[in-house]
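Here the structure is laid out as structure tokens; the discussion comes afterwards.
The values are calculated or read from the model by the stated rules, or taken from the named source; none is laboratory data. Here the structure is a predicted model, which means the values were calculated and not measured. Cβ placement follows ideal geometry from the backbone for every residue including glycine, while neighbour counts extend to all protein chains displayed. Ligands, DNA and RNA are excluded from the accessible area calculation, which covers all protein heavy atoms including side chains. Shrake-Rupley method; radii C 1.70, N 1.55, O 1.52, S 1.80 Å.
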Amino acid sequence: MVSPFEIEEIFPDVAAGSRLPRRQEANSAQGLTATLVADYTLPTRAWLPTAAIVTLLAESGVSAAGARTAVSRLARRGVLESSRNGRHSAYRLTREAAAELSAGGAWIARFGAQNSWDGCWTLVAFTLPQEQGSQRRMLRGQLRWLGFAPLYDGLWVSPDALNPTVRQRLAAVPLGAMTVFRADHVELATATNRNPIEAWDIAAITRHYAAFDRRWSPLVPRVRAGLITGAEAVRARAEIMDTYRRIPLLDPHLPIGLLPADWPRVRAREVFTAVYDGLAEQAEEHVRTVVGRSCDHPGADIRAHTVARMSAL
């Protein structure tokens, strides 16, 4: 059965506080800026000179004007904050954005590292007045972002137990009625029986995994051979992060026992780790060099993120 929503529809701009950039099929300048800043300053919230950010974005094909516009818009959205010393300006992540990105990084780092499931589903049933169409769309976006999928209209399911983030987001829904519960699925010997796993478009998710593998697996031998350095290393890390972070939204640790054999979740994690972590040292060195051109003391606060560091957040 085909899922009732398009696979790309699950990337809503639904951040509760600072408005992080919406994920798009092609990297937006704002999304790329947020990724670059977070990749090298998230734990320390180090200041990056505006000139350095513009240079790093230019190496990824963003014009100087586009880079400055992206930085300015992220500041207005509460993702970045600025400081100025004479004619020179710098930006860093706000505390709120850093907290959101840290939580997201830990979630990404854990993805694919666990496969246990207790056999229960979390269900969210809700009704909202017809005149509250915008609230309905916002709630649906929140649920998709939190790993739920619509089994039926008004009944959404997830294989995960209810966690504090889900509780907080659902408690913030202001209108309508809602019921949340955990339950087992009972198989019925009828043609109308529908397993909760059918709320996800498994074929579309499989194609997404295959596209990820085709794009990034060929790069792994070059990474291990040390053939990717400098700006190329920074670009590759930013691109694979922006691509890989979509996968846990598409496949929110769906139960392995209900999926086709040889489900590629672990394989995708291995490829991501090999590229992202394998290029960390080279990319960090390049970012330090670029920052050093704009200030006298680039400092030790510039540090490339890795899967291990994200897991520890």
Shape parameters for region 159-313, alpha-carbon atoms, Rg then Dmax in Å | 21.0, 72
The chain: calculated mean residue ellipticity at 222 nm from DSSP helix runs of at least 4, using -39500 (n - 2.57) | -14000 deg cm²/dmol
Return the whole-Å distance between the Cα centroid of region 75-89 and the Cα centroid of region 163-204.
-> 42 Å
Ranked from the most accessible area to the least, with a 1.4 Å probe and all protein chains present, what is the order of D153, D39, D201, D118?
-> D153, D118, D201, D39
Note to self: with every protein chain in place and a 1.4 Å probe, the chain gives an accessible area per residue in Å² of 49 Å²
Longest site-free stretch - the chain; sites: GluC sites (Glu not before Pro), DSSP loop, at most 12 other Cβ within 10 Å | 188-313
Per the 1.4 Å probe, what fraction of the accessible area of the chain, in percent, lies on carbon and sulfur atoms?
-> 51 percent
Rounded to the nearest 10, the angle in degrees between the Cα long axis of helix 202-216 and the longest principal axis of the Cα atoms of the chain comes to 20 degrees
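Using 0.36 nm per residue, how much length does the chain from H88 to T165 gain when fully extended, once their Cα-Cα distance is taken away?
Result for the pair: 23.8 nm of gain on full extension.
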Please build a GNM for the chain, connecting alpha carbons under 10 Å apart, and tell me which residue among P264, P164, P196 fluctuates the most.
-> P164
How about region 51-159: which trypsin sites (Lys or Arg not before Pro) there are in a DSSP loop, with at most 13 other Cβ atoms within 10 Å of their Cβ?
-> R87
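If the only charges are +1 at each Lys and Arg Cβ and -1 at each Asp and Glu Cβ, what is the size of the charge dipole of the chain around the Cα centre, to the nearest 20 debye?
Computed about the Cα centre, the dipole is about 900 debye.
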Tell me, what is the FRET efficiency for S134 and D213 to the nearest 0.05, using R0 = 45 angstrom and their Cβ-Cβ distance as r?
-> 0.75
Estimated inter-spin distance, A58 and D184, nm [label 7 Å along Cα→Cβ] | 6.4 nm
